[in-house]
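The values are calculated or read from the model by the stated rules, or taken from the named source; none is laboratory data. Here the structure is a predicted model, which means the values were calculated and not measured. Backbone-built Cβ (ideal geometry, glycine too); neighbour counts: all protein chains shown.
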Amino acid sequence: MPARKGTTSAGGIDTLMTEKRKFKPSTKFTAQANGKKSLYTTANKDYVKFWEDMASELVWKKKWREGLKWKAPDAKWFVGGKLNVTESCLDRHIHNGRKNKAALIWEGEPGSHRTLTYFELYRQVNKFANVLKMLGIKKGDRVAIYLPMIPELMVSTLACARIGAIHSVVFGGFSPESLRDRINDLGAKLLITADGGYRRGQIVPLKHDADVALHDCPTVEDVVIVKRGDFLLRFKEGRDHWFHRLMQEADAYCPPVYVDAEHPLFVLYTSGTTGKPKGIVHTTGGYLTGVYATTKYVFDLKEDDVFWCTADVGWVTGHSYLVYGPTANGATQVMYEGAPDWPDQDRFWEIVEDYGVSVFYTAPTAIRAFMKWGKHWPGRHDLSSLRLLGTVGEPINPEAWMWYHEVIGNKRCPIVDTWWQTETGHIMITPLPGVTATKPGSATLPFPGIEMKILDDDGKEVKNGGGYLAITRPWPGMLRGIWGDRKRFVETYWSKWDGIYFPGDGAKVDSEKYLWVLGRVDDVINTAGHRISTMEVESALVEHEAVVEAAVVGVPHELKGEALAVFVTLAGDLELDQKLRARLKDFVARKIGAIARPEQLIFAPDLPKTRSGKIMRRLLKDIATGKVLGDTTTLADPDVLYQIKAHYEED
Ligand code: WTA
């Protein structure tokens, strides 16, 4: 059993096992659903063949010889196959009747709109692929992308894929230092950024931040800048280029570069338990097959659906269910640049109404915010176009699930609670709408072809009760490694049990085999649906001159699921007054990004440690959540804990 089972998650999760409500699919939905019960049986008979069938629905230059070659922890899917993903995502739609179909309906935060048909998107991607070539980018080169949520973000990723270059998108909310570390870890040759972006009416100075990062990025030779507004910037002749100028000169067709099914498509960084973010490597054939199939069956997409995944492309959800999955399915989708509460708290519902969004995919943290803002906001809009709702990113508490079901879905729309990770590439646990009965708070069952179990520390299966989530057979979108760090790849994911993938989550399984994910069991905090490593924040803090030592724990938060509480030991006899608190919070936000800004700062004269010097975060968490202190017998000096507690209670 995980040591901190049930304590790492959002409010309500502890009581999940008493949740008895169950929602059967309506016959009307079932009658039209893409998913059928038989998918499970077919996939179970021969899961490799199941994925091969899915892959056959994509465009291949050369068919694979072997579906899967598996020697844990290394998987090769569609061995010998050659393809270019953009042929499945773009070219084929130009010839199959979708040429003039809207691929992307984009809305900027200040209110501008742009619609790109498949043909227009195809042209843009081809042109930009030629720009990349002109700048000397070749197959296998790394390209960093630091853009707001604008169509050029989609164009950039697909253009990289067109020529076999490996993209790495860095979320626009990350700090210059985070950008710099990612660029250097990858050795990126090119950076694509914008003069700025809009967020809550403010301008995010992306190019300015990129310039700060680039002081220390020796591998970057060129910078392409998308002009989003009229934002001031410093232009470095020779290195910096305007996107629109380069596009004017570019040819409208770029032949696709065919790559091996196992050629890396992108690297995306995510937080792990040690300080440095991990560059998760995804490859071409398997990843595309996984995102294509899950998009088709989980989101049940039909020709006239309008799909909206609200995630930023800086996170994996945006990669899989904005860039690759929907385009591989020839779907129409919405992309929105800004915040859900700008200018008012009904912006999302206004967008749903304006474009007739039918399938909507968001995060529990957003749903909890909508709940807090009140149902009169969605009540102002006609949401009758919605027919299917989804969530991802963290456990959803049954209360939020019910609100989503009643207020947004008007009790008509199935909800797909989807569990997956940056590392898994695509959805792994989910209901199949029209097939699976749902239970609020449970992501239900593994997707067809996926096998997952709850195991204990010894790898023994738990048939009813709690333990660790485990993925017990390979899947096409699985990560192929951590960029440049084989050892860490093996240690993090493959060393808990033999040949079985360990995602780092605790979960329970009930008598109907439904899975209930409880949250992380490692030192990763899931705040607002985003993973932050406690170590990363701690190492940032100790760089501040006032801080000697820091320990970060996750505490339940009404909206974010979890928030960061930080215990700090200060230099000399400094006092943790309001000014220093604010300075330290800003410092972390500047070093890592606003998503890592601590909620609470707690003074600790010393940190509770074991005799071997390990910080006992579990006990600090008890203090920060007001719980009775757990077992303190392994502490070198239990007194420390009572001193911290006294300070905490004084505050
Ligand atoms: C958590 C996001 C419960 C989980 C796609 C996982 C979830 C981490 C769910 C991955 C869900 C994601 N129910 N927990 N439906 N979806 N998680 O890499 O802890 O940003 O390990 O990928 O989010 O976060 P990541």
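Brief remarks follow.
- Matching residues in segment 628-646 - criterion: being touching a residue at least 24 places away in the same chain (Cβ under 8 Å) and either part of a loop (DSSP other than H, G, I, E, B) or surrounded by 16 or more Cβ atoms within 10 Å (Cβ to Cβ) (or both): Thr632, Thr634, Leu635, Ala636, Asp637, Pro638, Val640, Leu641, Ile644
- All of (1) over 25 Å from Gly67 (Cβ atoms); (2) within 14 Å of the ligand (Cβ to nearest atom); (3) in a helix (DSSP H, G or I) hold for Trp516 with one exception: (3).
- Residue count, segment 482-524 (criterion: without any contact (Cβ under 8 Å) to a residue 40 or more places away in the chain and surrounded by fewer than 16 Cβ atoms within 10 Å (Cβ to Cβ)): 5
- Candidates are the residues of segment 603-627 that are closer than 30 Å to Lys579 by Cβ and assigned to a strand (DSSP E or B); the one that is modelled with the highest pLDDT is Phe603.
- Residues satisfying the criterion are present in segment 396-411 (criterion: in a loop (DSSP other than H, G, I, E, B) and at pLDDT below 95).
- Residues within segment 370-397 that are under 25 Å from the mean Cα position of the chain (by Cα) and surrounded by fewer than 19 Cβ atoms within 10 Å (Cβ to Cβ), tallied: 3
- Tabulated pairs, segment 353-370, first small (Gly, Ala, Ser) and in a loop (DSSP other than H, G, I, E, B), second more than 16 Å from the ligand (Cβ to nearest atom) and at pLDDT 95 or above, C-beta under 7 angstrom, 6+ apart or interchain: Gly356/Val306; Gly356/Ser385; Ser358/Asp305; Ser358/Val306; Ser358/Ser385; Ser358/Leu386; Ser358/Arg387
- In segment 76-84, the condition of being among the aromatic types (Phe, Trp, Tyr), modelled with pLDDT of 95 or more and under 19 Å from Leu301 (Cβ atoms) is met by no residue.
- Single condition Leu574 does not satisfy, out of (1) touching a helix residue (DSSP H, G or I) at 6+ places or on another chain (Cβ under 6 Å); (2) over 20 Å from Ala369 (Cβ atoms): (1)
- Residue tally, condition among the aromatic types (Phe, Trp, Tyr) and assigned to a loop (DSSP other than H, G, I, E, B), over segment 490-502: 1
- Residues in segment 471-489 that are within 13 Å of Glu423 (Cα to Cα) and not in a strand (DSSP E or B): Pro474, Trp475, Pro476, Gly477, Met478, Leu479, Arg480, Trp483, Phe489.
- So Thr424, is it in a loop (DSSP other than H, G, I, E, B) and either within 12 Å of the ligand (Cβ to nearest atom) or touching a Cys at 6+ places or on another chain (Cβ under 6 Å) (or both): yes
- Any chance Thr294 is within 14 Å of the ligand (Cβ to nearest atom), within 14 Å of the chain's Cα centre (by Cα) and either surrounded by fewer than 21 Cβ atoms within 10 Å (Cβ to Cβ) or not hydrophobic (A, V, I, L, M, F, W, C) (or both): no
- Test: residue in segment 462-469 that is under 23 Å from the mean Cα position of the chain (by Cα) and surrounded by fewer than 20 Cβ atoms within 10 Å (Cβ to Cβ): no
- Among the candidates His405, His376, the residue that is more than 14 Å from the ligand (Cβ to nearest atom) and free of Cβ contacts under 8 Å to residues at least 24 places away in the same chain is uniquely His376.
- The set of residues in segment 379-402 being acidic (Asp, Glu) and more than 16 Å from the ligand (Cβ to nearest atom) consists of Asp382 alone.
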